[in-house]
Ligand code: PLP
């Protein structure tokens, strides 16, 4: 196509995107289409002749929009919402326009340099130690696609560190440590790398957080069996309930385990470190003192549109030792001299998207204060919801609310002390029916989870347009469905 046609189509696209955001409140969160719907509208082959922008854009409205789940809808409370911003969209648009897979410094100096700078900005915003910054020359940060990619390459780096000190270790002896609440990224890394994964049990009475003694027991058991744990994937803000592993206790044990790499997966909660008041409970001091790597997704709760997973390592050489393969065609004067970062050695692919641009737009557009304000607003809104649950006759909290996440279930209050309480099976059955009712609605979206056998529901605040009214409305809907569930269950 030509610039004039692009200009026209581009203006229209921006207009339509704005209209989409204006209309979000009026439409359902969830799509109503059935599996396979799109096949009925889209031919089996790409067209032989090129088509006009206008036709394609109209088909986007007609066929694609109805099949969207509206993650930016203010009543989207499922998974962890992904707050997308116009700042991020614009940054991504420019990135798309340059289309530079800046794998080496030379492949596009600005791509590498901006990423190195913006990751240092983000480290400052979150209060990370300067050891993690690119400017340290030893540690450093890079933007990965997802937290799963971040964990995968961290495991590769950790294995490389372990092998340096134990040259004769056999692959089948190596073990990745996770807990039963770690995101599936731990298990996936094990599958991809062909390594064993141990998932340590965590308890409800510890709020599903990994305790030091549980880690110590696992280490002792594995030592007897000749297994070699080489990385612990600890979590700050688990997916199911926002649990925070007990890093102060883990630190004490890690002191005796110099070969155990500690990766902190804070994919969702990590951005809350931008606020002083959360730093203690999220164990920033320990992260700074002893974590080998730390990951948080700016594409979850950090206002940057997908994808933008920020990964920092304390020592970049383990990453580059493990991942640096330099055929002749990738050699450059600057790379050979070691005066630049070649980010291709910090991730899985060769090419990489110019993701720092959208992060730069967002951090500048909001400013640190604007960023913190948004995080605090989400936490406050969640507190409002959690309080409504606490006061409810039919709902109760399963765990204490964590930042912007509440985990709750239907649990009718007993009418008198003599009334027998419901068994776990009955409560699970009630909650499964309740969740079925909630899922059948298209005006609100929540997700279910299971905590050590307890069927529960999660409500996560994060969409940039959610206000107190949406929380109150969500609560009213949830309470109504909970009451209806109890009534039907009793009859
Ligand atoms: N880690 C945690 C704690 C998560 O909650 C999630 C997703 O919700 C992930 C990792 C996975 O993130 P990604 O999709 O970036 O791999």
What residue, among those in the stretch 289-314 that are away from the ligand (no atom under 16 Å from the Cβ) and either within 20 Å of residue 121 (Cβ to Cβ) or modelled with pLDDT under 95 (or both), is surrounded by the fewest Cβ atoms within 10 Å (Cβ to Cβ)? 314
Filtered residues of the stretch 123-133 (kept if over 13 Å from residue 313 (Cα atoms) and either part of a strand (DSSP E or B) or more than 16 Å from the ligand (Cβ to nearest atom) (or both)): 124, 125, 127
Would you be able to tell me the number of residues in the stretch 261-288 that are touching a residue at least 60 places away in the same chain (Cβ under 8 Å), more than 22 Å from residue 368 (Cβ to Cβ) and more than 15 Å from the ligand (Cβ to nearest atom)? 1
All but one of (1) within 16 Å of the ligand (Cβ to nearest atom); (2) closer than 20 Å to residue 27 by Cα; (3) touching a strand residue (DSSP E or B) at 6+ places or on another chain (Cβ under 9 Å) hold for residue 83; which doesn't? (3)
Condition (residue is at pLDDT 95 or above, farther than 26 Å from residue 287 by Cα and in a helix (DSSP H, G or I)) applied to the stretch 70-86: is it met by at least one residue? yes
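Tell me which residues, restricted to the stretch 93-107, are buried (at least 18 other Cβ atoms within 10 Å of the Cβ) and at pLDDT below 95.
Within the stretch 93-107, the subset buried (at least 18 other Cβ atoms within 10 Å of the Cβ) is 95, 102-105, 107.
Residues satisfying the conditions are 102, 103, 104, 105, 107.
Please indicate, with yes or no, whether at least one residue in the stretch 239-247 is in a helix (DSSP H, G or I), more than 10 Å from the ligand (Cβ to nearest atom), without any contact (Cβ under 8 Å) to a residue 60 or more places away in the chain and in contact with a helix residue (DSSP H, G or I) (Cβ under 9 Å, 6 or more places away or on another chain).
Quick first cut of the stretch 239-247, residues in a helix (DSSP H, G or I) only: 247.
From what's left, more than 10 Å from the ligand (Cβ to nearest atom): 247.
Next, from what is left, pick out any that are without any contact (Cβ under 8 Å) to a residue 60 or more places away in the chain: 247.
Filter once more, so that each one left must be in contact with a helix residue (DSSP H, G or I) (Cβ under 9 Å, 6 or more places away or on another chain): 247.
So far as the stretch 239-247 goes, yes, one or more of its residues are in a helix (DSSP H, G or I), more than 10 Å from the ligand (Cβ to nearest atom), without any contact (Cβ under 8 Å) to a residue 60 or more places away in the chain and in contact with a helix residue (DSSP H, G or I) (Cβ under 9 Å, 6 or more places away or on another chain).
Of all residues in the stretch 325-376, which are in a loop (DSSP other than H, G, I, E, B) and surrounded by fewer than 20 Cβ atoms within 10 Å (Cβ to Cβ)? First the steps, then the outcome.
At the first step, the residues of the stretch 325-376 found to be in a loop (DSSP other than H, G, I, E, B) are 325-327, 331-332, 338-342, 347-355.
Scanning the stretch 325-376 gives 325, 326, 327, 331, 332, 338, 339, 340, 348, 349, 350, 351.
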Would you confirm whether any residue within the stretch 224-231 is over 20 Å from residue 161 (Cβ atoms), within 16 Å of the ligand (Cβ to nearest atom), crowded, with 17+ Cβ neighbours inside 10 Å and touching a residue at least 40 places away in the same chain (Cβ under 8 Å)? no
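Restricting the search to the stretch 32-64, which residues are touching a residue at least 40 places away in the same chain (Cβ under 8 Å) and either over 30 Å from residue 466 (Cα atoms) or surrounded by 10 or more Cβ atoms within 10 Å (Cβ to Cβ) (or both)? I'd like the intermediate steps shown before the answer.
Kept after step one, since they are touching a residue at least 40 places away in the same chain (Cβ under 8 Å), are these residues of the stretch 32-64: 32, 53-54, 57, 61.
If the condition is that a residue be touching a residue at least 40 places away in the same chain (Cβ under 8 Å) and either over 30 Å from residue 466 (Cα atoms) or surrounded by 10 or more Cβ atoms within 10 Å (Cβ to Cβ) (or both), then 53, 54, 57, 61 are the ones that fit.
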Name, by its number, the condition in (1) touching a helix residue (DSSP H, G or I) at 6+ places or on another chain (Cβ under 8 Å); (2) without any contact (Cβ under 8 Å) to a residue 12 or more places away in the chain that does not hold for residue 195. (2)
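Just to check your reading of the model, which residue among 466, 406, 477, 384 is within 27 Å of residue 69 (Cβ to Cβ) and in a loop (DSSP other than H, G, I, E, B)? Let's see the steps before the verdict.
Details: 406 fails: in a loop (DSSP other than H, G, I, E, B); 477 fails: in a loop (DSSP other than H, G, I, E, B); 384 fails: in a loop (DSSP other than H, G, I, E, B).
After ruling out the rest, the residue left standing is 466.
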Applying the selection to the stretch 304-324, what residues are closer than 21 Å to residue 137 by Cα and assigned to a loop (DSSP other than H, G, I, E, B)? 314, 315, 324
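What are the residues in the stretch 415-432 that are closer than 17 Å to residue 484 by Cα and surrounded by fewer than 16 Cβ atoms within 10 Å (Cβ to Cβ), if any?
426, 429, 432, listed by residue number.
Can you tell me which of 267, 254, 243 is touching a strand residue (DSSP E or B) at 6+ places or on another chain (Cβ under 9 Å) and over 21 Å from residue 129 (Cβ atoms)?
Matching residue, one of 267, 254, 243: 243.
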For residue 392, only one of the following conditions fails: (1) surrounded by 21 or more Cβ atoms within 10 Å (Cβ to Cβ); (2) under 30 Å from residue 408 (Cα atoms). What is its number? (1)
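What strands (runs of 3 or more DSSP E) completely inside the stretch 134-203 contain at least 1 residues that are within 16 Å of the ligand (Cβ to nearest atom) and surrounded by fewer than 21 Cβ atoms within 10 Å (Cβ to Cβ)? Talk me through it step by step, then tell me what you get.
Working: elements: 140-144, 174-179, 196-200.
Where strands (runs of 3 or more DSSP E) fall fully within the stretch 134-203 and carry at least 1 residues being within 16 Å of the ligand (Cβ to nearest atom) and surrounded by fewer than 21 Cβ atoms within 10 Å (Cβ to Cβ), they are 196-200.
The values are calculated or read from the model by the stated rules, or taken from the named source; none is laboratory data. Here the structure is a predicted model, which means the values were calculated and not measured. Cβ: placed from backbone, ideal geometry, glycine included. Neighbour counts: every protein chain shown.
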